[in-house]
Structure formats: structure tokens, C-alpha cells
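Please treat every number below as a calculation from the coordinates, not as lab data. What you see is a predicted model, and the numbers here were worked out from it, not measured in a lab. Every residue, glycine among them, receives a Cβ derived from its backbone with ideal geometry; neighbour counts consider all protein chains shown.
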Amino acid sequence: MAYKGQYIVENTKKYAGDPSNVIYRSLWERDVFKWLDRNPNVKKWSSEEIVIPYWYDVDKRYHRYYPDLKIVFKDRTVIVEIKPAKETVVPKKTGKTKKQYVTESMTYIKNMNKWEAATSYCKSRKWEFQIWTEDTLTSMGIMQKPLKKIPGKLKPLAPYRKRKK
């Protein structure tokens with residue numbers, strides 16, 4: 001889920017913010033932006049325009065959280081964070097280096113702190129807070145189902161060489 005770039009908003013009247021400065025930080029975000037632009041049930045949307053203060057339990061300080069999306073539908077307002085499913089569950093230690101496990105644990109704690117603050121922020125405004133994973137995006141039809149892996153091992157192709165005459 002790498003890749004980032006500038007998104008060109010198709011329907012600028014729907015974008016609540018500066019439509020010339022919309023950045024996607026993953027291809028999943030880009031696909032959601034396209035979906036929002038084209039969805040007739042979306043009245044307004046914005047990307048990383050809201051700031052939510054949160055307390056980070058690790059360093060015992062306040063930080064700023066910029067949720068991925070604010071979506072105003074015809075009947076409700078939703079704040080959305082787009083994350084891989086693996087970052088929404090407690091990391092397992094099996095088969096990982098200590099450094100990798102600690103990094104994943106810190107990411108999980110930070111995400112939980114952000115999402116707790118976002119939930120409270122939304123509740124006070126009668127909005128919803130949602131986390132969209134690859135499973136959510138697939139079930140909504142925003143993202144295609146991943147291709148199934150071919151069972152067994154594939155042989156590498158031999159390099160192409162021109163025959164000598």
C-alpha cells in the first residue's frame with residue numbers, strides 16, 4: 001500500500017477544501033477519492049482537513065491527528081481512516097524480530113490512541129467514525145478482489161537470447 005501523488009478532483013463543488021491540493025498517500029486512498037467524486041450520495045468530502053488532538057500513551061504528550069476523510073452523505077457525516085487490516089489488530093510476536101514486533105506494537109498503540117480521540121470527537125458532533133480496511137473497500141466495490149495465488153512454484157523464465165546466425 002505504498003505510492004502517493006496529487007489527486008485531481010473531478011467534481012470541485014463536492015470538495016470541501018482546496019481542490020488543487022488533494023494528496024493521496026496510498027492507491028487505496030486514490031480509489032476512494034474517485035469513488036467519492038462519482039458517488040451521487042456524497043454531498044461533500046475532504047481529505048486531511050480536520051485536526052483532532054490525541055494523547056499518545058507512549059511519550060505521554062498530545063499530538064495532532066489528521067483523519068484521511070470527512071464525508072458528508074445526504075443523511076449523515078462520517079470521518080474515515082483507511083488502514084491495512086493488519087494495523088487494526090494487536091500484533092503477534094511469532095516469527096518476528098524484536099525490533100519489528102516493537103515497531104508494530106507502537107504503531108498499534110498510536111492508532112488506538114488516535115481512534116479513541118476520533119471516536120470521542122465524532123460522538124460530540126453526532127458524526128460517525130469508521131476504519132476502512134482492504135476488506136471494507138472490496139465489499140463496497142471500491143477496490144477489486146486481489147488475484148488468487150497460483151498453487152505450487154512457478155519456474156523462472158530463461159533469459160531471451162537471439163540465435164546466432
Least to most buried among 145, 162, 114, 86 (fewest other Cβ within 10 Å first): 162, 145, 86, 114
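Using the 10 angstrom Cβ neighbour count as an exposure proxy, how do 108, 24 rank, fewest first? Write down the numbers at each step before the final one.
Values: 108 16, 24 20.
Neighbour counts put them in this order, fewest first: 108, 24.
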In degrees, nearest ten, helix 27-38 long axis to first principal axis of the chain (Cα): 60 degrees
Part-to-part distance (alpha-carbon centres) for the stretch 90-165 and the stretch 57-80, which is given in Å: 19 Å
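Over the chain, calculate the relative contact order: mean separation of alpha carbon pairs under 8 Å at least 6 apart, over the residue count, as a percent. Show your work: numbers first, answer last.
Values: 220 pairs, mean separation 29.5, N = 165.
Normalised by residue count, the contact order of the chain is 18 percent.
Using DSSP, restrict attention to beta bridges with both residues in the stretch 62-165 and report what percent are antiparallel, rounded to the nearest 5.
Details: 4 of 9 bridges.
Beta bridges within the stretch 62-165, antiparallel portion: roughly 45 percent.
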Most mobile of 25, 38, 61 in a GNM of the chain (Cα contacts under 10 Å): 61
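Sequence gap of 8 or more, or different chains, plus Cα separation below 19 Å: how many lysine pairs satisfy both in the stretch 30-79?
Values: 34/43; 34/44; 34/70; 34/74; 43/70; 43/74; 44/70; 44/74.
Lysine pair count for the stretch 30-79: 8.
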Ranked 83, 155, criterion: other C-beta atoms within 10 Å, fewest first: 155, 83
Most mobile of 96, 123, 14 in a GNM of the chain (Cα contacts under 10 Å): 96
Rounded to 5, percent antiparallel among DSSP beta bridges of the stretch 5-139: 75 percent
Qualifying lysines (Cα of each under 25 Å from Cα of residue 149; at least 8 residues distant if same chain): 83, 86, 92, 96
